[in-house]
1. With +1 assigned to the C-beta of every Lys and Arg and -1 to the C-beta of every Asp and Glu, and no other charges, what is the dipole magnitude of region 249-359 about the Cα centre in debye, to the nearest 20?
2. For labels at Thr158 and Glu42 in the simple 7 Å Cα→Cβ model, what's the distance in nm?
3. So, R0 is 30 Å and r is the distance between the beta-carbons of Phe215 and Asp381; what FRET efficiency does that work out to, to 0.05?
4. Treat every Asp and Glu Cβ in region 117-204 as -1 and every Lys and Arg Cβ as +1, leave all other atoms uncharged, and give the resulting dipole magnitude about the Cα centre to the nearest 20 debye.
5. Nearest 5 is fine: what % of DSSP beta bridges in the chain come out antiparallel, could you say?
6. Given a 1.4 Å probe and heavy atoms of the protein chains only, how would you sort Lys236, Lys114, largest accessible area at the top?
7. How large is the charge dipole for the chain, taken about the Cα centre, if only the Cβ atoms of Lys, Arg (+1) and Asp, Glu (-1) carry charge, to the nearest 20 debye?
8. Looking at Pro15, Gly407, Met55, which one has the Cα that reaches farthest to the positive end of the dipole of the chain (charges on Cβ: Lys, Arg +1; Asp, Glu -1)?
Amino acid sequence: MTTVEAPASHLRENPFEIARDQLRRVAETFQIDANLVNVLQECKKSVGVSVPVGMDDGSVRVFQGYRVTHNIARGPSKGGIRYHPDVTLDEVKALAMWMTWKCALMGIPFGGAKGGVVCDPKRLSRGELERLTRRFTTEIINEIGPEKDIPAPDVGTTAAVMAWIFDTYSMNKGHSVLGVVTGKPLTIGGSLGREEATARGSLYCIRDVVAKGEFALEGARVVVQGFGNVGSYLAKFLAEDGALVIAVSDSGGGLHNSSGLDMKAVLAHKQETGALEGFRAAEAISNEELLLLECEILAPCALEQVITADNADRVRAKVICEGANGPVTPGADEILEDRGVLILPDILANAGGVVVSYFEWVQGLQEYFWKEEEVNQRLDDIITRAFDATWKLNEERGTGMRMAAYGLAVQRVAEATTTRGIYP
Ligand code: GLU
């Protein structure tokens, strides 16, 4: 008999416990009423569904799916759908809570949600992926809607997946419902600039730090972990701004060149081969080693918990820009804080995606679409406003950027909840 070992999950700690713990520490620092913390530390609704899919080989496989709404005090819930083998209910709950804080910090009128399906999209055919998406959408059809809960892309999902969600929902309603999902392809009501938006938001944050005189972007050494939607565009944008991207990685490993990678060539190689591996003008480097390279900007843009108490003391970056959600554990946070590393926290640094999702939702509801420069300019305004407020609070209170960002966000949600009152 052969035993197949389950691959180790990237989650070493329970992310929902981390998220709740963060909330409690924020509440302590900013003296938020304990009754409100009791409300905010729970998710409003968690739905688990089984998703049977007819596979190409004639078999039927049943996948586990989730949709969680954390909070709707400030508006309908918003958040992506993740397709990944390590998805768990507690991960989805943590990500939903972080979406609530992210939307509040940005000042956009949404609450927080997240969804996930336990699957490996890289091992599914296009047909299987479409059937899985359509069935999952059908299973959660009463949970979502333009005034209720609006999904979007996340790790492992694409514009094509959003198109199937849009179509499935619309076919069931009998008419096209543009506002039900964001991150749609441009041909069916997507927004210009949405695809690049998360990376662009990170770029604007980094420019804001640079404007504070921390260092010059021209020639700054950049390390990007994760080469999906966020990491690949961020590396491209930073290289265009004159930074020296010295290392990038995807799930298969990394590339390192201390004199700077030719990002155009790297992007072309990834496009052609589907991987970074095999790119000539660089040395191979593991994901673990890459995180420890000396640099001005380290941008973890893949999954949670890559910088932990085990490696934080060896991280040699000036600034950590969290392109991913939850890449730094609280244990690592303390170590980095003590060592004076500046952290641009996830709910600030990767909020560009949901901000342009908000623009897409508004454009869809109005059936009136904006120019790309308009989208980017408004995104910059919102990110920079949030950055300035976070920077100011950190200067006033000396809390660190993460605590300041979370503090602003949680206070806004707490205030909305108090103003509305607890029903009935
Ligand atoms: N999944 C992205 C995030 O974590 C985008 C969510 C959205 O656009 O609604 O922020």
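The values are calculated or read from the model by the stated rules, or taken from the named source; none is laboratory data. Values in this document were obtained by computation on a predicted structure and should not be read as measured data. Cβ placement follows ideal geometry from the backbone for every residue including glycine, while neighbour counts extend to all protein chains displayed. Heavy atoms of the whole protein, side chains included, go into the accessibility calculation; ligands, DNA and RNA do not. Shrake-Rupley method; radii C 1.70, N 1.55, O 1.52, S 1.80 Å.
1. Values: 7 positive and 18 negative charges, 84 e Å.
Approximately 400 debye in magnitude.
2. 4.1
3. Values: r = 24 Å, r/R0 = 0.80.
My answer for the efficiency is 0.80.
4. So the magnitude is around 180 debye.
5. Taking every DSSP beta bridge within the chain, about 45 percent pair in antiparallel fashion.
6. Lys236, Lys114
7. The dipole magnitude comes to about 1060 debye.
8. The residue sitting farthest along the positive end of the dipole is Met55.
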